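Following: one structure in structure tokens, then a few remarks.
The values are calculated or read from the model by the stated rules, or taken from the named source; none is laboratory data. Since the structure is predicted, the reported quantities are computational estimates derived from the model, not experimental observations. Please note: Cβ atoms are built from the backbone with ideal geometry, for glycine as well, and neighbour counts cover all protein chains shown. We work out accessible area using only protein heavy atoms, side chains counted, and drop any ligands, DNA or RNA first. Shrake-Rupley method; radii C 1.70, N 1.55, O 1.52, S 1.80 Å.
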Amino acid sequence: MPPPGLELDRKTLRAMAIAFVLLSAFTIHRLFFATPPGPAVDELVLSGDTMGTTWEVRIAGPGLDEALRARAQDVIETRLAEIDLWFSTWRPDSEVSRFNADRGSEPFDVSSPTAELVAFSIELCKWSGGAFDITVAPLVARWGFGHGAQVGAPPSEAEIEDYLDHTGAEIIHVGRGNPTRGGFLLKADPEVEIDLSAIAPGYAADHVAGGLYELEREDFLVEIGGELYAAGHRSDGKPWRVAIEEPFEDLRKIRQIVELSDQGLATSGDYRAFYVEDGERISHTIDPRTGRPIANGMASATVVAPTATQADGFATALMVLGPEQGLALAEQWKLGAMTLRRTADGGFEEARNGLYPEPITPEEPARP
Ligand code: ADP
Ligand code: MG
């Protein structure tokens, strides 16, 4: 019989041998069978309609189960309903519609988000030399777009002058209040009306993103009417990839793909909403400096920014400013931007600033 000490050593040795075999098997299994997953198939995809357009949310990361789907759906719908109640120009009970209908000169109580978004819009109006201007609302309708769109002959020069007397960022004052009590808006001119359509979808993407962060998700992509916010990474650990379309009105074709991570991206374009009068394209983007639809040949402007709100607002400003001034403004604010201008031969002239992500050009589809 071996001494007790040796018996113990043998037991230990056997246990160590078993542990070694198990560990090796585990390591080999990890090496050969647990290689990183392939394409980003591990995503929860949710979608719906909002603000007269569509939304889509992709969530990556762990725990993509039905319980998460239900919670995410709930958060997204709640937040989109808030957006509608704050900014919609189509529903008369929204904060913006009630402020527009108000002809008084007393402070008008609004939620903090409305005060914040109007305050940012006023700043952007100043930064862009008046190219982005939410008080352009009555002119948008007069040129036949949006809620209350008018049909018939275009406005005369005198009529436009009259409208321009009631536009400009300096007419609106914002009291930011505090986050729980909200803020207020004040109009120095009772005629003034605001239209947040050029920035609300971007804000909505950020607002939905805020809800997903609250659910402790870190990797997701929110898209609302083409304006996006990309958080973190896809399930395969790579940045989110988003496609920018060619600015054709009748054909959907991918022009380029860019990678985003913790960034917003927005594209403004005259190719979805425009009409033709005497062969001329009438854009829904109004140049607030002339009171007329833009006539600078701009087909689209894409901006990449830390938030989708910024990207959306700046993209509209760039449509008005055109490539040279527009790209310089974006550069000044450290934002990536790309513009496409129509050329005489029916093509597009592309311009980008140095901060725009290097695009991945999609491969031509294989010919049959
Ligand atoms: P899209 O992404 O669909 O091209 P934008 O974000 O450029 O749209 O917003 C266009 C809308 O913004 C118009 O339909 C109008 O309601 C409003 N708008 C038009 N011109 C301006 C402007 N210069 N500044 C701010 N808002 C504008
Ligand atoms: Mg915009």
Which far-off residues, 5 or more places away or on another chain, put their amide H under 5 Å from the one on Trp240, with H placed in the peptide plane? Arg234, Leu260
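For the chain, with only Lys/Arg (+1) and Asp/Glu (-1) charged at the beta-carbon, what is the dipole magnitude about the Cα centre, in debye rounded to 20?
Working: 32 positive and 58 negative charges, 326 e Å.
Roughly 1560 debye, rounded to the nearest 20.
Hey, what did the chain get for relative contact order, percent, Cα under 8 Å, at least 6 apart?
15
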Roll a 1.4 Å probe over the protein heavy atoms and report the accessible area of Asp219 in Å², nearest 10. 40
Largest to smallest accessible area among Thr302, Thr343 [probe 1.4 Å]: Thr343, Thr302
DSSP loop (so not H, G, I, E, B), at most 11 other Cβ within 10 Å: list which trypsin sites (Lys or Arg not before Pro) in the range 92-140 pass both filters. Arg103
As straight-line cross-link partners of Lys126, the qualifying aspartates and glutamates (C-alpha separation under 20 Å, not fewer than 8 residues apart within one chain) are Glu116, Asp165, Glu170, Asp189, Glu193, Asp195, Asp287, Asp312, Glu324, Glu331
For the range 169-199, which trypsin sites (Lys or Arg not before Pro) pass both filters: DSSP loop (anything but H, G, I, E, B) and at most 11 other C-beta atoms within 10 Å? Arg181
Springs between alpha-carbon pairs under 10 angstrom, Gaussian network model over the chain: which of Leu215, Leu329, Leu85 fluctuates most? Leu215
Relative to the compact-globule scaling 2.2 N^0.38 Å, provide the ratio for the alpha-carbon radius of gyration of the chain. 1.28
Which of the GluC sites (Glu not before Pro) found in the range 260-366 are loop residues per DSSP with 15 or fewer other Cβ atoms within 10 Å of their Cβ? Glu363
For Phe184, tell me the accessible area in Å² from a 1.4 Å probe, rounded to the nearest 10. 80
To the nearest 500 deg cm²/dmol, what mean residue ellipticity at 222 nm is calculated for the chain from DSSP H runs of n ≥ 4 alone, each contributing -39,500 (n - 2.57), summed and divided by the residues? -11500 deg cm²/dmol
For the chain, with +1 on Lys and Arg beta carbons and -1 on Asp and Glu, the positive-most of Ser197, Phe220, Gly237 along the dipole: Gly237
Under 5 Å between amide hydrogens, which residues at least 5 positions from Gly177 or on another chain qualify, with H placed 1.01 Å from N in the peptide plane? Phe184
Treating cross-link reach as a plain straight distance, find the aspartates and glutamates whose alpha-carbon is under 19 Å from the alpha-carbon of Lys238, omitting any fewer than eight places away in the same chain. Asp42, Glu43, Glu218, Asp219, Glu223, Glu259, Asp262, Glu358
Descending semi-axes in Å of the range 143-206, equivalent ellipsoid built from Cα gyration tensor: 28, 18, 9
So, with +1 on the Cβ of K and R and -1 on the Cβ of D and E, and no other charges, what is the size of the charge dipole of the range 234-368 about its Cα centre, to the nearest 20 debye? 260
With every protein chain left in place and a probe of 1.4 Å, what is the accessible surface of Val45, to the nearest 10 Å²? 60
Highest average packing first - 239-246, 355-362, Cβ atoms within 10 Å: 239-246, 355-362
Against the longest alpha carbon principal axis of the chain, how many degrees, from 0 to 90 and to the nearest 10, is the axis of helix 4-33 turned? 40
Can you give the charge dipole size of the range 136-249 about its Cα centre, rounded to the nearest 20 debye, using +1 on the beta carbon of Lys and Arg and -1 on the beta carbon of Asp and Glu? 560
